[in-house]
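Q: Take this structure first; my questions come after.
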Amino acid sequence: MMPFRVLIADDHPHAREAIKSVLAEHRIFELVDEARDGQHAIQLCRLHQPDLVLMDISMPQCNGLEASRIIKAQYPFIKIVMLSVSDDIVDLFTAIQYGAQGYLLKNTNHEDWISYLQELISGESRHSRKLAGKMLYPFMDTSTSDEPPPSLLTNREQEIAKYVAHGKTNLQIAKALSIRENTVKNHIRNILDKLQLENRVQLASYAVRHRLAETDNQPLV
């Protein structure tokens, strides 16, 4: 079997070194180059046309999601796996829309990384098992005419739904909105009741479908 040619794209040198050390233990991978940002990744894909790009989401000079969109438009045969420290559901959904074949959390253990990439190469897996439920089921579950409308939520509840969709914890939401963590918990409980949802994943899906997850250029801390 010919080595699978891999390009690493991450703006942190230590992160690139860590990824290289994981790949170096397995002869099925051949590192062709390293990109320091999204624009650099696009340039190196033109130069090397690798089999796989391991693409960090948060990078300067064109983030990983936008770089992936451009690369897949020009080279649809290149497989892209997004790398992130967060399981932000909006990022997961956007990655799929832009053509990424997968999404891996950086804190996933090395054995699972390699197992997942091997399955991806062989065509046996499209998404990591840990995130499959979030990536596939919620977003394929389209809204119905009798689904409760977002207008049932107050402005504060819609704001909290947005933060949930972006993977923020109750504590992070509380700090961002300058309210108590218990207040956030109560809001989420009320939101789930109003929308007839069972959990945060369903809420995040609902927020994306109904455009509540859009940030309006306001940073999510």
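Readers should treat all values here as calculations from the given coordinates under stated rules, not as data from a laboratory. This is a predicted model, so every value here is computed, not measured.
Q: Considering amide H positions built from the backbone, and no H for Pro or chain starts, which residues 5 or more places from Phe29, or on another chain, come under 5 Å of its amide H?
A: Phe4
Q: Mind running the shape call on segment 1-58? Use the C-alpha gyration tensor, a ≥ b ≥ c as the square roots of the eigenvalues: rounded below 1.5 for a/c, prolate if a/b tops b/c, oblate otherwise.
A: Verdict is oblate for segment 1-58.
Q: Still on this structure, I have one more. Starting from 0.36 nm per residue, how many nanometres of slack lie between Glu214 and Ala24 once their C-alpha separation is accounted for?
A: So the extension gain works out to 64.5 nm.
Q: Please state the relative contact order of segment 1-129 as a whole percent: Cα pairs under 8 Å, 6+ residues apart?
A: Relative contact order comes out at 20 percent.
Q: Please report the relative contact order for the chain, taking Cα pairs under 8 Å with a sequence separation of at least 6, and give it as a percent rounded to a whole number.
A: 15
Q: Here is a further query. Rounded, prolate or oblate: which one fits the chain, using the alpha carbon gyration tensor with axes a ≥ b ≥ c (rounded when a/c is under 1.5, else prolate when a/b beats b/c, else oblate)?
A: It is prolate, given that a/c is not under 1.5 and a/b is the larger ratio.
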